[in-house]
Amino acid sequence: MRRAERLGGAALLLLLLLLAARVVAAFEPISVGIAIGAASVLTGYLSYKDIYCRFAECCREEQPFNASALKLDLEEKLFGQHVATEVILKALTGFRNNKNPKKPLTLSLHGWAGTGKNFVSQIVAENLHPKGLKSNFVHLFVSTLHFPHEQKIKLYQDQLQKWIRGNVSACASSVFIFDEMDKLHPGIIDAIKPFLDYYEQVDGVSYRKAIFIFLSNAGGDLITKTALDFWRAGRKREDIQLKDLEPVLSVGVFNNKHSGLWHSGLIDRNLIDYFIPFLPLEYRHVKMCVRAEMRARGSAIDEDIVTRVAEEMTFFPKDEKIYSDKGCKTVQSRLDFH
């Protein structure tokens, strides 16, 4: 009887400790640890890490990668980007299934605004860390926000190195996303070149399990030209392959002063694993975006509204009018008027 009472008391104390831990989780990780540690001592069978990670985000590097979930997300949420879908799925699956990668995975996404680059980076982040862009292990840099002044390049380089080193030290599988690369001052990104190279460690830190994603409008003209050439030759859009665009993209971005990768050592040293093209979106893809936004809002699909929103968009080239000049970027705001 006394033993049962002791066990009951321990269970009650455990519950109280865990509830207290949950209250302070967002403020004091150390307090959470003390509470859970005490509970573990009392019960003798609780795992500190397992319980702690229920109340605070943990870097679970050993967690298996769910390639099927990523595949489903890309197929259901990304429209008109068969090349990007295939390459990103294969690249991430191969990288995460490799227990000993030789370097970090580095992806450079290119295409006009509204074609899905930011959306894909969000999908990737959510499939790598459950909290996605809100995760402590996913870091978004926006060129015009974080690196606005050309005269401060050296300061930005030092800050960037320290920030990445500190975060990879905390979580080896950290994700770093650089948006608006085409607006990044040349030379800034080369500060992280040692982290992307084939080094086992840099100053005692291994970067081999980290992922770097660059987003850029640079190369959009080259991608559109290839897509138009296929269309004018009567070839299917789906016939376009990575090999049709990647070599042109890497050279074009390297020689483009407004790419953020102008004469970059990252390209010169072949440290970018994939240059991924995002094709310009056609009228049918815009309609898919409208339907997806309606579903996201919990609204019934009204095809009349879908058509009206799509027809409000402007298309190019001037004569053929095949591609939306803003992709799906303004679909959300236009749908507000219907």
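Can you say whether residue 199 is closer than 29 Å to residue 152 by Cβ, touching a Pro at 6+ places or on another chain (Cβ under 7 Å) and among the hydroxyl-bearing types (Ser, Thr, Tyr), as far as the supplied structure shows?
No.
For residue 190, only one of the following conditions fails: (1) modelled with pLDDT of 95 or more; (2) over 17 Å from residue 139 (Cα atoms). What is its number?
(1)
Taking the conditions exactly as written (crowded, with 17+ Cβ neighbours inside 10 Å, among the charged types (D, E, K, R) and under 27 Å from residue 257 (Cβ atoms)), does residue 158 satisfy them or not?
Numbers: crowded, with 17+ Cβ neighbours inside 10 Å: no; among the charged types (D, E, K, R): yes; under 27 Å from residue 257 (Cβ atoms): yes.
So residue 158 does not fit the description; no.
Within the range 301-311, identify whether any single residue is polar (S, T, N, Q), open to solvent by 20 Å² or more (accessible area, probe 1.4 Å) and not in a helix (DSSP H, G or I), and answer yes or no.
no
Of all residues being open to solvent by 10 Å² or more (accessible area, probe 1.4 Å) and under 23 Å from the mean Cα position of the chain (by Cα) in the range 280-296, which is nearest to residue 112 (Cα to Cα)? Just the residue, please.
289
Spot the failing condition for residue 270; the list is (1) open to solvent by 10 Å² or more (accessible area, probe 1.4 Å); (2) in a loop (DSSP other than H, G, I, E, B); (3) in contact (Cβ under 8 Å) with a residue 12 or more places away in the chain; (4) under 13 Å from residue 106 (Cβ atoms), and only one is missed.
Here residue 270 clears every test but (3).
Can residue 229 be described as assigned to a helix (DSSP H, G or I), farther than 21 Å from residue 259 by Cβ, over 24 Å from the mean Cα position of the chain (by Cα) and not aromatic (Phe, Trp, Tyr)?
Values: assigned to a helix (DSSP H, G or I): yes; farther than 21 Å from residue 259 by Cβ: yes; over 24 Å from the mean Cα position of the chain (by Cα): yes; not aromatic (Phe, Trp, Tyr): yes.
So residue 229 fits the description; yes.
Using the structure shown, decide if residue 280 is touching a strand residue (DSSP E or B) at 6+ places or on another chain (Cβ under 9 Å) and without any contact (Cβ under 8 Å) to a residue 24 or more places away in the chain.
Considered against the rule, which asks whether it is touching a strand residue (DSSP E or B) at 6+ places or on another chain (Cβ under 9 Å) and without any contact (Cβ under 8 Å) to a residue 24 or more places away in the chain, residue 280 comes out as no.
Among residues belonging to the range 199-250 that are farther than 19 Å from residue 166 by Cβ, in contact with a helix residue (DSSP H, G or I) (Cβ under 8 Å, 6 or more places away or on another chain) and among the hydroxyl-bearing types (Ser, Thr, Tyr), point out the one that is surrounded by the fewest Cβ atoms within 10 Å (Cβ to Cβ).
Selected residue: 226.
If you check 336, 325, 319, which single one turns out to be out of contact with any strand residue (DSSP E or B) (no Cβ under 7 Å at 6 or more places or on another chain), acidic (Asp, Glu) and within 29 Å of residue 236 (Cα to Cα)?
319
Determine whether residue 196 is closer than 29 Å to residue 281 by Cβ, in contact (Cβ under 8 Å) with a residue 60 or more places away in the chain, touching a helix residue (DSSP H, G or I) at 6+ places or on another chain (Cβ under 9 Å) and open to solvent by less than 60 Å² (accessible area, probe 1.4 Å).
Numbers: closer than 29 Å to residue 281 by Cβ: no; in contact (Cβ under 8 Å) with a residue 60 or more places away in the chain: yes; touching a helix residue (DSSP H, G or I) at 6+ places or on another chain (Cβ under 9 Å): yes; open to solvent by less than 60 Å² (accessible area, probe 1.4 Å): yes.
So residue 196 does not fit the description; no.
In the range 103-155, what residues are in a helix (DSSP H, G or I), of a type outside the set (D, E, K, R), over 23 Å from residue 208 (Cα atoms) and without any contact (Cβ under 8 Å) to a residue 60 or more places away in the chain?
Listed by number, the residues that qualify are 119, 144, 145, 146, 151, 153, 155.
Considering each residue of the range 250-286, count those that are among the acidic types (Asp, Glu) and closer than 28 Å to residue 238 by Cα, and give that number.
2
The values are calculated or read from the model by the stated rules, or taken from the named source; none is laboratory data. For clarity, every value in this text was computed on a predicted model and none was experimentally measured. Heads up, the Cβs are rebuilt from the backbone with ideal geometry, glycines too, and the neighbour counts pull from every protein chain shown. Side chains included, ligands, DNA and RNA excluded: accessible areas come from the protein's heavy atoms. Shrake-Rupley method; radii C 1.70, N 1.55, O 1.52, S 1.80 Å.
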